[in-house]
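Worksheet: the structure to be examined is printed underneath.
The values are calculated or read from the model by the stated rules, or taken from the named source; none is laboratory data. Just so we're clear, the structure is a prediction, and the values are computed from it rather than from any experiment. Ideal geometry is used to build each Cβ from the backbone, glycine not excepted, and the neighbour counts take in all protein chains shown.
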Amino acid sequence: MGKLTFKALNGGTKQIDDSTLAGLRAGVRGRVLDAASPDFDTVRAIWNAMIDRKPALIVQCSGAADVAQVVRFARDHDLLVAIRGGGHNIAGNATCDGGLLIDLSGMKSVRVDPAARRAWVGPGATLADLDHETQALGLAVPTGINSTTGIAGLTLGGGFGWITRKYGLTIDSLLSADVVMADGTQVRASATENPDLFWALRGGGGNFGVVTAFEFALHPVGPQVLAGLVVHPFEHAASLLKEYRRIVAAAPDELTCWVVMRRAPPLPFLPEAWHGKLVMVLAMCHVGTILEGESAAAELRALGKPIADVVGPMPFAAWQQAFDPLLSPGARNYWKSHDFAQLSDAAISVLIETVNRTPGPECEIFIGHVGGAAGRIPLHATAFPQRNAHFVMNVHARWRLPTDDAACIDWARKVFTDTAPHAIGTAYINFMPGDETERVEASYGANFRRLVEAKGRFDPRNQFRVNQNLPTM
């Protein structure tokens, strides 16, 4: 009788015979794949090409019952487990070497109740899946900025994007979650049912269980919004950033403007002479009426002498996909991130200097302006603690060849180190790479102790550890 070797929770290995595995296969509706399966390598691939891990077994779950069955199997045999939603996580926590991969990517259902303004969303859904259903009704959940991102990982880490200033973080619209716990039981978490679990899920990552459905409140957005890009020569970035911080400090919640600094990609609206040259981009979105948006964005659009201004009315769903070509799968990625209470002159000086040293055409730094409604939620209301951050910096090193690994990673780390004196110490957990485990405590700040207590209560054996992991009590 054949056997399959797994990585065990204790770091050793565990062999499971074919008859036992046959029982698992018979007990789930979804597909069960191993290295001999024809499409195993395709299925195990995730967004970040730096991550190349081979689970011993992949179970493509079809529903919550499948998830519960697989969690119980992993518990009974002490197997290392990874959970995959959209597979977009920078740290590669959507997979593992030698363990059992619970693949939720096929669970993409989205059901909308327009009268109640509610949506029920499967853990395999992407932002594009959610937007497709909600925007048909002029509704939206505040999510991220790349439509291929998975809703599960985004939500569990907090979630912010173009409409966060108006409607809060993704977790601020979360009403309930169906969860498979470490012992395989299925529970519902909400403000009134398992409220401690619900608190922890809103920002605490995948540390507590496997979410098999999310219930969100929906908000009126679009379907047409005012959005687009204003592209400036990078030589004027220092003065422009100082004007930018002044203007956004007084911006209405409906207006969000982020800064992107990088070498210009060959966008069709940019003169060819600017392709490959350093630029500073103001990316903005207004979720009120078009007329209100024109007024709110006017001062930002009047800054300097831009190379191009392509701000105008467009479908919100299209704006959500605008950056997809720059974040397609298959590239190597390494990120570093800080939160800032303000963009000081000193921080701006460091950013200008580091952008001038970008090691490749796809490397960039973006500054996301948050605050607004998200900043008015009390610090302890959710596990997500960064309510006083007004700007989030993501140093996005992105390249194609393994030979460029050292240069690109070193650049990102140096930007991180040089900007640290101007940051507030917390970080967005979804932007943290796999080598930043020591930052987890600082990232959760005042909420860390309560999260550790929740981890000890809901997952005392640390079965869910392939994540930005919390220690157990």
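Among the residues of the range 29-50, which ones are under 20 Å from M107 (Cβ atoms) and not in a helix (DSSP H, G or I)? Matches in the range 29-50: R29, G30, R31, V32, L33, S37, D39, A45, I46, W47.
One line per residue, one yes/no per condition, for (1) of a type outside the set (A, V, I, L, M, F, W, C); (2) in contact (Cβ under 8 Å) with a residue 12 or more places away in the chain; (3) outside the structural domain of G87 (by TED's automatic domain parsing):
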{"residue": "T13", "(1), (2), (3)": "yes, yes, no"}
{"residue": "L21", "(1), (2), (3)": "no, yes, no"}
{"residue": "R25", "(1), (2), (3)": "yes, no, no"}
{"residue": "A36", "(1), (2), (3)": "no, no, no"}
{"residue": "F40", "(1), (2), (3)": "no, yes, no"}
{"residue": "S62", "(1), (2), (3)": "yes, yes, no"}
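Is it the case that some residue within the range 258-266 is part of a helix (DSSP H, G or I), modelled with pLDDT of 95 or more and surrounded by fewer than 22 Cβ atoms within 10 Å (Cβ to Cβ)? Checked the range 258-266: no residue is part of a helix (DSSP H, G or I), modelled with pLDDT of 95 or more and surrounded by fewer than 22 Cβ atoms within 10 Å (Cβ to Cβ).
Could you say whether any residue in the range 418-428 is among the aromatic types (F, W, Y) and crowded, with 21+ Cβ neighbours inside 10 Å?
Scanning the range 418-428, I find at least one residue that is among the aromatic types (F, W, Y) and crowded, with 21+ Cβ neighbours inside 10 Å, so the answer is yes.
When the range 5-51 is examined, which residues are found to be of a type in the set (V, I, T) and out of contact with any Leu (no Cβ under 7 Å at 6 or more places or on another chain)?
T5, T13, T20, V28, T42, I46, I51 - these are the residues of the range 5-51 that are of a type in the set (V, I, T) and out of contact with any Leu (no Cβ under 7 Å at 6 or more places or on another chain).
Residue pairs whose Cβ atoms lie under 8 Å apart, sitting 6 or more positions apart in sequence or on different chains, and linking a residue in the range 325-349 that is over 15 Å from M261 (Cβ atoms) and touching a residue at least 24 places away in the same chain (Cβ under 8 Å) to a partner that is acidic (D, E) and surrounded by 20 or more Cβ atoms within 10 Å (Cβ to Cβ), are A331/E362.
Within the range 287-319, restricting attention to residues that are over 26 Å from P266 (Cα atoms) and of a type outside the set (A, V, I, L, M, F, W, C), which residue is surrounded by the most Cβ atoms within 10 Å (Cβ to Cβ)? Among them, the one singled out is G293.
Of everything in the range 308-339 that is touching a Phe, Trp or Tyr at 6+ places or on another chain (Cβ under 6 Å) and assigned to a loop (DSSP other than H, G, I, E, B), the residue that is modelled with the highest pLDDT is V310. Selection within the range 126-174: residues that are in a strand (DSSP E or B) and not small (G, A, S). The member of this set that is farthest from G86 (Cα to Cα) is L139. Looking at this structure, is R72 touching a residue at least 60 places away in the same chain (Cβ under 8 Å), surrounded by fewer than 19 Cβ atoms within 10 Å (Cβ to Cβ), basic (K, R) and touching a strand residue (DSSP E or B) at 6+ places or on another chain (Cβ under 8 Å)? No; evaluated as a whole, the condition is false for this residue. None of G106, G150, G138, G86 is surrounded by fewer than 22 Cβ atoms within 10 Å (Cβ to Cβ) and closer than 20 Å to P329 by Cβ except G106. All of (1) more than 20 Å from the chain's Cα centre (by Cα); (2) not in a loop (DSSP other than H, G, I, E, B) hold for P361 with one exception: (2).
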